[in-house]
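Novice: Here's a structure for you.
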Amino acid sequence: NMFCEDNINIIRGEGKLEYVELSNSKFDALDLDFSKITIDDINILKSGNDCVDISDGFYNFKNIDLDKCGDKGLSVGERSNANIINFHSKNTNIAVASKDSSKVFISNSNIDNTKFCLAAYNKKSEFDGGLININKFECNNFFKSVLQDKISKIILENKINENVLTGDVYNRDEI
């Protein structure tokens with residue numbers, strides 16, 4: 001029930017957390033900047049903006065479980081590298097976003113009830129596009145599976161739901 005801009009914000013941190021559980025954040029729930037962080041389990045319920053927002057760092061997550069994120073479930077930006085073993089998101093606007101020279105690698109994903117399953121794009125002119133690479137991809141109940149600009153890349157190794165259509169490409173101004 002935090003009403004701050006970020007429920008938890010770690011800046012220039014380094015280390016490992018075993019468990020992060022947050023609920024009812026008015027804005028971003030977990031914000032990590034300029035850090036090198038490993039987290040075993042993240043469980044976030046109801047965030048007014050992004051559930052997990054990371055930028056300019058190296059991040060390793062074993063299990064992420066997100067529900068009712070107002071904007072993005074996982075927002076990765078500004079030259080970040082994120083490695084996730086298990087990602088589960090439901091009831092979000094965008095489940096996973098990679099932008100501005102960031103790279104996201106997910107081993108297993110399960111996404112449900114979202115406007116966009118994945119988004120990769122360039123937001124700030126000093127950066128390039130984003131990259132998302134998922135080994136086991138499942139997304140159900142969505143408006144569009146992929147939101148991607150022309151300089152970004154989304155790689156789906158194994159689509160579980162064959163109804164997922166990829167390649168919805170948008171101009172930068174449309175995102």
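Novice: Using beta carbons and a limit of 8 Å, which pairs, at least six apart or on different chains, have the first residue in region 58-81 and closer than 18 Å to residue 28 by Cα and the second one aromatic (Phe, Trp, Tyr) and surrounded by fewer than 21 Cβ atoms within 10 Å (Cβ to Cβ)?
Specialist: Within 8 Å, the pairs are 78/127; 80/58.
Novice: Still on this structure: I want to confirm something. Restricting to region 65-87 and keeping residues that are in contact with a strand residue (DSSP E or B) (Cβ under 7 Å, 6 or more places away or on another chain) and at positive phi, which single residue is modelled with the lowest pLDDT?
Specialist: The residue in question is 78.
Novice: Need pairs with beta-carbon distance below 6 Å; first residue on the phi > 0 side of the Ramachandran plot and within region 106-134, second part of a strand (DSSP E or B); sequence gap 6+ or separate chains.
Specialist: Final answer for the pair search is 113/90; 113/91; 113/141.
Novice: Next up: Which residue is most open to solvent (accessible area, probe 1.4 Å), if the candidates are limited to region 4-41 and must be of a type in the set (Phe, Trp, Tyr) and at negative phi?
Specialist: The qualifying residue most open to solvent (accessible area, probe 1.4 Å) is 19.
A quick yes/no check of all residues on (1) outside any loop (DSSP other than H, G, I, E, B); (2) out of contact with any Cys (no Cβ under 6 Å at 6 or more places or on another chain); (3) open to solvent by 20 Å² or more (accessible area, probe 1.4 Å):
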residue	(1), (2), (3)
104	yes, yes, no
108	yes, yes, yes
119	yes, yes, no
126	no, yes, yes
135	yes, yes, yes
141	yes, yes, yes
147	yes, yes, no
156	yes, yes, yes
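Novice: Among the residues of region 88-97, how many are open to solvent by less than 10 Å² (accessible area, probe 1.4 Å) and touching a Phe, Trp or Tyr at 6+ places or on another chain (Cβ under 8 Å)?
Specialist: So the count comes out to 3.
Novice: Taking residue 69, is it open to solvent by less than 10 Å² (accessible area, probe 1.4 Å) and either within 14 Å of residue 51 (Cα to Cα) or touching a helix residue (DSSP H, G or I) at 6+ places or on another chain (Cβ under 7 Å) (or both)?
Specialist: Yes: the conditions hold for residue 69.
The values are calculated or read from the model by the stated rules, or taken from the named source; none is laboratory data. Source: prediction; values computed, not measured. Note that we place each Cβ from the backbone using ideal geometry, even for glycine, and neighbour counts take in every protein chain shown. Surface areas here come from the heavy atoms of the whole protein model, side chains and all, with no ligands, DNA or RNA. Shrake-Rupley method; radii C 1.70, N 1.55, O 1.52, S 1.80 Å.
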